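K.L.:
This is the structure, below, for whatever I ask next.
Just so it is clear, none of the values below were taken in a lab; they were calculated from the coordinates. Because the structure is predicted, anything quoted here is derived from the model rather than measured. Reconstructed Cβ throughout: ideal geometry from the backbone, glycine too, with neighbour counts over all protein chains shown.
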Amino acid sequence: MRTTEMKRALVGAAIAALAFNASAAQAATTTATAKARILAPLTIANTSDLDFGTIVSGTGASTVAVSSAGAVSCGTGLTCLGTTSAANFNLGGTSGANVTISVPGSVNLTSGANSMTATLASSASSLTLGASGGSFQVGGTLSVGANQAAGSYTGTFTVTANYQ
Amino acid sequence: MLRMFRAIGLFAAAALGVAASPASAAGDLLVAPTRVILDGSRGTEVVLNNIGSEPATYRISLEIKRMTAAGGLDEIAEADVNAAERAALDIISFNPRRVRLLPNQPQVIRVGARLPEGLPPGEYRAHMLFRAVPDAAAEAASAPEAVKAASGGMSIALTPIYGITIPVIVRVGDLDAAAKIGDARVADTRDGPAFEFDLARTGSRSVYGDIEVTRPGASEPLLLARGIAVYPEIGSRTVSLRVPPEVAAALKGPVRIRYSEDREVGGATIDQADRVVK
């Protein structure tokens, strides 16, 4: 709870500072001497990654799911180690602003010639920002093959916050 | 009080900076304003700022999105765009398209429209995407994890590439539009309770504005939502606004729903309706 409040304070402070920067940039491009245009901003910040931890594969195919709250469920036959987390994004902007969230349904992970897929799920498909912005999380389910080769698997996925 | 608040904010920044994984600090961004409307060929400017703690390279591009009946925005692949959407991509010009920014360094993106002769009247729209390009340096920095993984098991590194889209709308000719508020209800969605109503649109352009839900006799609005659009590709959409359970309970009963234009353009009422929410 306390962390949440601190994060909100941080977002609020960041917006205040940036709104000032934005108008300063505007002023720099005009010739007027005393002119300020205040623009409504939208910010997005990534504060944690989607982390499945370390997985030791088993003899059968299985899955590892990380919920949007970051909790892990380790499938039968797998060994899951380390801390897991869901990806978190903080949005800042005008209070009451409606923002839709796009996250792809799945992502491909590769390690050399080996690959795995993960399905992704966002905690919200749209958000109405409050006075201190808003946040959403992305969790996922990783499909681990039978005797999946060890290695470091990497992949990228796109997340966009869309203004209407 | 305000000073105390700021102090806490700074302290939080320091604390979180340590707690959060260092790779995720690159790529945070700010975009302002959140909507661009071009009438004729006069251009405008959009500000992009790097609000992360590391230098980052940002790419700016145009995408076509179509609104769904549920109010979402579906991305349309460039191969599948129709003639009007193709025209939008062709007439909207912007510069620069790629920029490297230091932390807290703003950049102005110039946006304009080049209208060819004989372009039919209508609303042409694309969505401008601002997104950080993953750094080769950052990827190399996460490589030591491979060594750790080789000792047994798999390590997974999923990098989000995240950004913001804002609509860029070019209006050609005299266009008009009207909207009508339909049935309202409190619904249980996958995301939790939501206040929902139907919003129908007629005319040759989009409608855009703010929603205010009030209870007759009460001064404080029950619900405020800004930036609700109905785009020309659809005649009607559902507006679904997530609300906390206590607000959902308070919304039941007689309410007045007002859909008004953006405050910046006068805030005139587009439509207003009295509904009984079940």
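K.L.:
So, with +1 on the Cβ of K and R and -1 on the Cβ of D and E, and no other charges, what is the size of the charge dipole of region B:177-277 about its Cα centre, to the nearest 20 debye?
P.N.:
That gives a dipole near 140 debye.
K.L.:
Could you tell me the distance between the Cα centroids of region B:243-260 and region B:92-108, to the nearest Å?
P.N.:
Each part reduced to its Cα centre gives a spacing of 41 Å.
K.L.:
What is the fewest-to-most order of A:55, B:76, B:60 by other Cβ atoms lying within 10 Å of their Cβ?
P.N.:
Values: A:55 27, B:76 14, B:60 21.
With the sparsest Cβ surroundings first, the list reads B:76, B:60, A:55.
K.L.:
Can you give the direction-averaged projected area of the convex hull of the alpha-carbon atoms in region A:113-164, in nm²?
P.N.:
Working: hull surface 21.0 nm².
The directionally averaged projection comes out at 5.3 nm².
K.L.:
Which order do peptides A:152-162, B:173-183, B:83-93, B:156-166 fall in by mean Cβ count within 10 Å, highest first? Numbers along the way, then the final one.
P.N.:
On the way: A:152-162: 20.9, B:173-183: 13.8, B:83-93: 16.5, B:156-166: 23.0.
Per-residue mean Cβ counts within 10 Å order the peptides as B:156-166, A:152-162, B:83-93, B:173-183.
K.L.:
May I pose another question? Does region B:25-172 come out rounded, prolate or oblate by the C-alpha gyration tensor, with a ≥ b ≥ c the root eigenvalues, rounded set by a/c under 1.5 and, if not, prolate when a/b is larger than b/c and oblate if not? List each step's numbers first, then the result.
P.N.:
Values: a/c = 3.03, a/b = 1.88, b/c = 1.61.
It comes out prolate by the Cα gyration axes.
K.L.:
If you take each beta carbon of peptide B:43-53 and count the beta carbons of other chains within 10 angstrom, what is the mean?
P.N.:
Working: counts 0, 0, 6, 2, 10, 2, 8, 1, 10, 2, 0.
The shielding value for this peptide is 4.
K.L.:
What percentages make up the Cα-Cα pair-distance distribution of region B:177-277 when the bins are 5 Å wide from 0?
P.N.:
P(r) over region B:177-277, rounded to whole percents: 3, 13, 24, 25, 19, 11, 4, 0.
K.L.:
Further, regarding this structure: Would you mind giving the mean number of other chain beta-carbons within 10 Å of the Cβ of each residue in A:47-56, as a whole number?
P.N.:
Per residue, the number of nearby Cβ atoms from other chains is 6 on average.
K.L.:
Another question about this same structure. Would you order A:116, B:67 from fewest to most other beta-carbon atoms within 10 Å of each residue's own beta-carbon?
P.N.:
Lowest count first: B:67, A:116.
K.L.:
For region B:177-277, with the dipole built from +1 on Lys and Arg beta-carbon atoms and -1 on Asp and Glu ones, taken about the Cα centre, which of B:236, B:251, B:192 lies farthest toward the positive end?
P.N.:
Going by the charge dipole, the pick is B:236.
K.L.:
Next up: Would you mind computing, in nm to one decimal, how far apart the modelled labels at residue B:133 and residue B:110 are, each placed 7 Å from Cα along Cα→Cβ?
P.N.:
Placing both labels 7 Å beyond Cα along the Cβ direction yields 2.1 nm.
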